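K.L.:
Got a structure for you, questions after.
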2 protein chains.
Amino acid sequence: MKNKTNEIKKWIAKNKGKAIVLLRRLVQEKSVQGNESSAQAVVIEACRGMGLEIDIWEPNGKKLKEHENFVSTREYFSDSPNVVAVWRGTGGGHSIILNGHIDVVPEGEINQWDCDPYEGKIENGKIYGRGTTDMKGGNVAMLLAIDALQSVGIKLKGDVIFQSVIEEESGGAGTLAAILRGYKANAALIPEPTNLKIFPKQQGSMWFRLKVKGKSAHGGTRYEGVSALEKSLIVIDKIQKLERIRNERVKDPLYANIPIPLPINLGKIEGGSWPSSVPDLITLEGRIGVGPEESLPLVKQEMEDTLNSLQNEDEWFLNHPVDLQWYGAQWLPGAIRVDHPFVELIKKNYKLVTKEEARIEASPWGTDGGLFTQVANIPTVVFGPGTTEVAHHPNEYILIENLLTSAEIFALTLLDWCEVEE
Amino acid sequence: MKNKTNEIKKWIAKNKGKAIVLLRRLVQEKSVQGNESSAQAVVIEACRGMGLEIDIWEPNGKKLKEHENFVSTREYFSDSPNVVAVWRGTGGGHSIILNGHIDVVPEGEINQWDCDPYEGKIENGKIYGRGTTDMKGGNVAMLLAIDALQSVGIKLKGDVIFQSVIEEESGGAGTLAAILRGYKANAALIPEPTNLKIFPKQQGSMWFRLKVKGKSAHGGTRYEGVSALEKSLIVIDKIQKLERIRNERVKDPLYANIPIPLPINLGKIEGGSWPSSVPDLITLEGRIGVGPEESLPLVKQEMEDTLNSLQNEDEWFLNHPVDLQWYGAQWLPGAIRVDHPFVELIKKNYKLVTKEEARIEASPWGTDGGLFTQVANIPTVVFGPGTTEVAHHPNEYILIENLLTSAEIFALTLLDWCEVEE
C-alpha cells in the first residue's frame, strides 16, 4: 500500500497540467444560474473518459418542489442538468459521495476584476476566474483523485458517487434533487473552499426581510410624523443584541477562533421616497447564521419573539409591529461528531500529505452539507482546496498547489474509506 | 371708509359662487411641473376680465440660470409661462406684490384619495383637490380681493402686482424670474396655506445627500468587513445631535410653540445589494431647515464641520469620510421685523374681520418669500387661507369660509397699504 501511496503522489504531480486544463475549461463555461449545461458537458466528457456510469437529468417533479427544504429562486430547471457519475466498486467497503456544485455566482462589477473572469488566467501558481475557488477547483481535485486511483491500477470495493450539482448558490435544490433521486452513501465529502481546513460542522443560514413602519409628514414639521428610520434604529439595536445573545451561547470549541460564530448580517436597507418627507416604511434585508446543531424553526421563533418584545420598549411597536418575512435562500446547517471515523481519516491523510496537523473548524456559511446530514442522514465533511477569502469576490483564484494537495488527500481517503480490492 | 368696508364684506359674501367656480376651474387644470399653461390660461382670463395689464413670458436666459439662487430640476421652461397682471394705481401710495404659485405637487398614490384629485368636489364647506390649499385657493382669494375693490368702485394709488408663478415647488425659479424681470414693490404678500396665521418669517431649507462607506464581506464572516449600515448609525446619531444643537440656539419667540423649529429630516435611505453581504455603501438623503435669519453657506459649513468631526470619534471616518452633497431643491429663508408696518396692517385687518387676535408665527417650510426678502429686498409676509396639514397630502382641501375671510383681509390691507384715491 505504501507503494501505491507514492505512485498516487507521483501521478498527481505529473498530471498537474491535465488538472489545469480541465479547470480552465470549466471556468471558461460561465455556469451562472440557468446557464450550467455547457460546464456540465465538460464534466460529462471527463467522467466518460474515466468510464464512469453517468446519470444526467433536469431536476423536476412534485416531490422536489413540495419538499420542505426546497428553496430556489426558480421553479423549472430545464437546460440546467444535474450530473452524477458513479465509479462502481467491486462490492463491500464503504460507499462515498463526492459532491460539488457547478453553479457560480455572477462576476459582479467587471471593472473590479484585473482579468477576464471567464478566461482562467494563470499567474504565480494561481488560476484566476469566477468559480476557480468556489468550487470548480474542488470538483477538479475530486475527478483528479479518481483518475489517479484508476491510473495506478486501483480497484475500490465501495462505490464512489461523483455529483456535479446545480443550484447550491441558490439554496441547494440540485443536491436535494440528487438525494430524492435515491443516491445514498456511507459518507459525503464536499470540497467547498475551506483553505484546506476540515469542517465537520457547517453553519446554516436563512434570509429575512423586516418592514418597519412609521407615519409620514412634511420634513419641516417632522415632529408630526413618526420616522420609520428612527424606529429602524431601535430595531437594528435589538437585532444586534439578539446576535450577542445567540453568540454568547456558542460553546463549541470549533468556533473558538471565530469573532462572531453566528452572525446576523443586515445586508440591505431601503426606505423613504423624498428627502423632505418623514419616511413611513423602511425595509431591511439580512441573513441569520444558524448553528450547526440548531433547528431552523426555533431560530425563526427566537427572531420573532425578539421583534415582538420591541413593544415593551416602545409603544409604537404595539400597534405597528415589525413585519418579519423569511424569504429567498435558506441553507440547512449540518454537523457530525468531530471524532467521526470519516473525519479522523481525512485528518490522518491531511497529515500524511502535508506533514502538518489538520485544522478542524466549523464553516461560517451554509453548504449542501446540511441537506446530506439532515435530509439524507449521510455523515458529511466539507473540506476543499479553494481560498475562502476570495469566494464571491473579484479576482477569485485558487492555488494550484492546494488543488493538487487536496486531490492527493481525497485519493488516500478513498483508499481507506472504500477499501481496496486486492 | 367704514361704508366701503361693509360694501366689500357684502360683495365678497355675495360672490362666493364666483370664487368657487374659479377655484374649481383652476383645480381641474392639473398644473404639475411642466404642465402649468392651461391653468395659467384660466388666470389670464380672470385678470383680463378685471382689465389688468398682463405680462406673460416663459422664464429663460443666462441671467436667470446663472443666478446663485436659481434652483430647478429643469433648465427650460417652454410652455410653462409666468403670468403677472398689474392693477395700475393712480400714483402715490405703496405698491404691493400679491404672489402665488400655480404649480402643484403630483397627487401621489391615487388610491389614498377619496375623490378625483382634479375634480374639485365640494362637500361640507370644503373644496377638495390637489392645489386647493397649496395654493390655488390663496390665489383665488387675492383675485377676489381685487375684484371686490374694483366692484365697489375703489381706485388705489399704489400698484397692485398680481403674480401667478411657476416652479415654487421645485425651488422658486418662477418668482426669481419675476424679480429679474424687474417687478418691484414696497411689500409682498404670499398666501401659502398658513391656516390664516401670519408668518413674517419663513424657514428656508436645503436638500443634502450623504454617502457612508464600508467594506464588503460575506455575511457569514461579516467581522471581516465594515458595515456601512453600522457606520450610518453613527452618522445618524451625529446628525440628530446637530439638530439638537441648532435648535437649542433658537430663541425667537415665534418658534415658542414649535417642538423642533429647525428640523433635520432624514427622508430616504438606501444601501447594500445582497442580504448576505456586508453593505459597503449607504446613501442617506434629507432636508435641513434653515432659520429665517440664517445664511445658507454658514449652515452648509456647520453640517460639513459636524461630519468632519466624526473622525475624532471613529477612526474609520479618517480614511473613509462621509461624502456630503448639496443637491436638488433649496429655499432661501426670509424674515422681516414682527412689528413691521405691513405685518401690523395685516394683524389689524385680521382682527377687524375675524374679531380675534391674529396668530403670528414663523413658517416651518420654505416659500418664495426668501427670494423676495433676500434677493429683491422686498418686505414679505406669508399669510393664507389654506389648511397647512393637508398640503401635499391625499384629500387636500380648503375651507371655503377661510378663503372668503382671507379675501376680505387682503382687500382691506390693499386699501390701507396702497391708499385710496378719493
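K.L.:
Just to confirm the numbers: B:Asp79, label point 7 angstrom along the Cα-Cβ line, distances to the other copies in nm, shortest first?
P.N.:
List, nearest first: 4.3 nm.
K.L.:
Evaluate the relative contact order of chain A (contact order divided by residue number), counting alpha-carbon pairs under 8 angstrom at least 6 apart; express in whole percent.
P.N.:
Over chain A, the number comes to 25 percent.
K.L.:
Grab the other residues whose beta carbon is less than 9 angstrom from that of B:Tyr118, score K and R as +1, D and E as -1, and report the net.
P.N.:
Local charge sum for B:Tyr118: -2.
K.L.:
Between B:Lys4 and B:His340, what is the FRET efficiency for a Förster distance of 25 Å, r being their Cβ-Cβ separation, to the nearest 0.05?
P.N.:
After rounding to 0.05, the efficiency reads 0.50.
K.L.:
Using a 10 angstrom cutoff on alpha carbons, build the Gaussian network for chain B and name the most mobile of B:Val152, B:Val83, B:Val71.
P.N.:
B:Val152
K.L.:
Something else now. Determine Rg/Rh for the stretch A:62-183; Rg is computed over alpha-carbon atoms and Rh is the Kirkwood hydrodynamic estimate from the same atoms.
P.N.:
Across the stretch A:62-183, the Cα-based Rg/Rh ratio is 1.04.
K.L.:
Would you tally the net charge around B:Gly171, using a Cβ to Cβ cut-off of less than 12 Å, leaving B:Gly171 out, and scoring K and R as +1, D and E as -1?
P.N.:
-4
K.L.:
Pick from A:Gly370, A:Gly61, A:Gly204 the residue whose mean-square fluctuation is largest in a GNM of chain A, springs joining Cα atoms under 10 Å.
P.N.:
A:Gly61
K.L.:
Please compute the length gained on full extension between B:Ser151 and B:Ser273, using 0.36 nm multiplied by the number of residues separating them and subtracting their Cα-Cα distance.
P.N.:
Gain on extension, B:Ser151 to B:Ser273, equals 37.4 nm.
K.L.:
While we're on this one: Quick one: with label points 7 Å out along Cα→Cβ, list the inter-copy distances for B:Val420 in nm, shortest first?
P.N.:
Result for B:Val420, in nm, nearest copy first: 12.1.
K.L.:
Please work out, to two decimal places, the log10 of the ratio I(q)/I(0) at q = 0.07 Å⁻¹ from a Debye calculation in which every Cα of chain A carries one identical scatterer.
P.N.:
Cα-only, vacuum Debye calculation for chain A: -0.37.
K.L.:
Taking Cα atoms of the protein assembly as shown, Rg/Rh with Kirkwood Rh, to two decimals?
P.N.:
Working: Rg = 36.6 Å, Rh = 31.4 Å.
Taking Rh as the inverse mean 1/r over Cα pairs, Rg/Rh reads 1.16.
K.L.:
Okay, moving on. Calculate, for A:Glu119 and A:Ser295, the FRET efficiency according to 1/(1 + (r/R0)^6) with r their C-beta to C-beta distance and R0 56 Å; round to the nearest 0.05.
P.N.:
It comes to 0.80.
K.L.:
Here's another thing I want to ask about it. Going through the cross-link list A:Lys63/A:Lys197; B:Lys63/B:Lys213; A:Lys241/B:Lys215, which pairs have a Cα-Cα distance over 27 Å in this structure?
P.N.:
Checking Cα-Cα distances, A:Lys63/A:Lys197; B:Lys63/B:Lys213 exceed 27 Å.
K.L.:
To make sure I understand the rule: partners must be lysines, Cα under 17 Å from the Cα of A:Lys136, and not fewer than 8 residues away in the same chain. Which ones qualify?
P.N.:
Output for A:Lys136: A:Lys16, A:Lys18, A:Lys30, A:Lys121, A:Lys126.
K.L.:
Once you have the Kirkwood Rh of the stretch B:116-250 from its Cα pairs, apply Stokes-Einstein at 37 °C and 0.692 mPa s and quote D in µm²/s.
P.N.:
My calculation gives 160 µm²/s for D.
K.L.:
Treating cross-link reach as a plain straight distance, find the aspartates and glutamates whose alpha-carbon is under 14 Å from the alpha-carbon of B:Lys184, omitting any fewer than eight places away in the same chain.
P.N.:
Reachable aspartates and glutamates: B:Asp159.
K.L.:
Another question about this same structure. Got a sec to turn the phi values of the stretch B:296-303 into Karplus ³J(HN,Hα) couplings, 6.51 cos²θ - 1.76 cosθ + 1.60 with θ = phi - 60°, whole Hz, x for Gly and Pro?
P.N.:
In residue order, the calculated couplings are 4, x, 5, 5, 4, 4, 4, 4 Hz.
K.L.:
Okay, next question. For the stretch A:204-330, what percent of Cα pairs sit more than 19 Å apart?
P.N.:
Result: 51 percent of Cα pairs exceed 19 Å.
K.L.:
Spelling out what I want: for every residue of the stretch A:99-108, take phi, set θ = phi - 60°, compute 6.51 cos²θ - 1.76 cosθ + 1.60 (Karplus), and round to whole Hz; glycine and proline get x.
P.N.:
Karplus-based 3J(HN,Hα) across the stretch A:99-108 equals 10, x, 8, 9, 6, 10, 7, x, 6, x Hz.
K.L.:
Still on this structure, I have one more. B:Glu75 versus B:Ala41, label points 7 Å from Cα toward the beta carbon: distance in nm?
P.N.:
2.9
K.L.:
Taking chain A as the reference, fit the longest principal axis to its C-alpha atoms, fit the long axis of helix A:2-14 to the helix C-alpha atoms, and give the angle between the two in degrees, 0 to 90, nearest 10.
P.N.:
70
K.L.:
Take every residue in peptide B:211-220, count the Cβ atoms of other chains within 10 Å of its Cβ, and give the average of those counts.
P.N.:
5
K.L.:
In whole percent, and with a 1.4 Å probe on the protein chains, what portion of the accessible area of the stretch A:126-237 is carbon and sulfur?
P.N.:
43
K.L.:
A follow-up question, please. Looking at the calculated P(r) for the stretch A:189-263, what percent of the C-alpha pair distances fall above 20 Å?
P.N.:
For the stretch A:189-263, the share of Cα pairs beyond 20 Å comes to 56 percent.
K.L.:
Calculated from DSSP H runs of 4 or more alone, at -39500 (n - 2.57) each and per residue, what is the 222 nm mean residue ellipticity of the protein assembly as shown, nearest 500?
P.N.:
Taking each H run of at least 4 residues, the total per residue is -10500 deg cm²/dmol.
K.L.:
Also, I was wondering about something else. Restricting attention to the stretch B:25-113, which trypsin sites (Lys or Arg not before Pro) occupy a DSSP loop and are surrounded by at most 15 other Cβ atoms within 10 Å?
P.N.:
In loop regions of the stretch B:25-113 (DSSP not H, G, I, E or B), the sparsely surrounded trypsin sites (Lys or Arg not before Pro) are B:Arg74, B:Arg88.
K.L.:
Using only the Cα atoms, work out Rg/Rh for the stretch B:1-117, with Rh taken as the Kirkwood radius, to two decimals.
P.N.:
With Rh from the inverse mean 1/r over Cα pairs, Rg/Rh is 1.04.
K.L.:
Still on this model: Taking only protein heavy atoms and a 1.4 Å probe, what accessible area per residue, in Å², does the stretch B:204-331 have with all protein chains in place?
P.N.:
42
K.L.:
Ok, one more. What quantity of accessible surface, computed with a 1.4 Å probe and excluding non-protein components, is buried in total between chains B and A, in Å² to the nearest 100?
P.N.:
3600
K.L.:
To the nearest 0.05, what FRET efficiency results for A:Lys65 and A:Gln240 with a Förster distance of 35 Å applied to their C-beta separation?
P.N.:
With R0 = 35 Å, the Cβ-Cβ based efficiency is 0.45.
K.L.:
Collect residues whose amide H, placed 1.01 Å from N in the peptide plane, falls under 5 Å from the amide H of B:Val32; neighbours closer than 5 in sequence don't count.
P.N.:
Distant-sequence amide H within range of B:Val32: B:Val104.
K.L.:
Oh, and also: Assuming 0.36 nm per residue, please report the length gained on full extension of the stretch A:Lys184 to A:Arg48 beyond their Cα-Cα distance.
P.N.:
46.8 nm
K.L.:
Now for a separate question. Would you tell me the mean number of C-beta atoms belonging to other protein chains that fall within 10 Å of each C-beta in B:274-284, as a whole number?
P.N.:
6
K.L.:
Straight-line reach from A:Lys355: which aspartates and glutamates have a Cα under 19 Å away, not including same-chain ones fewer than 8 places off?
P.N.:
List returned: A:Glu7, A:Glu344, A:Glu401, A:Glu408, A:Asp416.
The values are calculated or read from the model by the stated rules, or taken from the named source; none is laboratory data. Just so we're clear, the structure is a prediction, and the values are computed from it rather than from any experiment. Positions of Cβ are generated from backbone atoms using ideal geometry, with glycine treated the same way; all protein chains shown enter the neighbour counts. Surface accessibility is based on the protein's heavy atoms, side chains included, excluding ligands, DNA and RNA. Shrake-Rupley method; radii C 1.70, N 1.55, O 1.52, S 1.80 Å.
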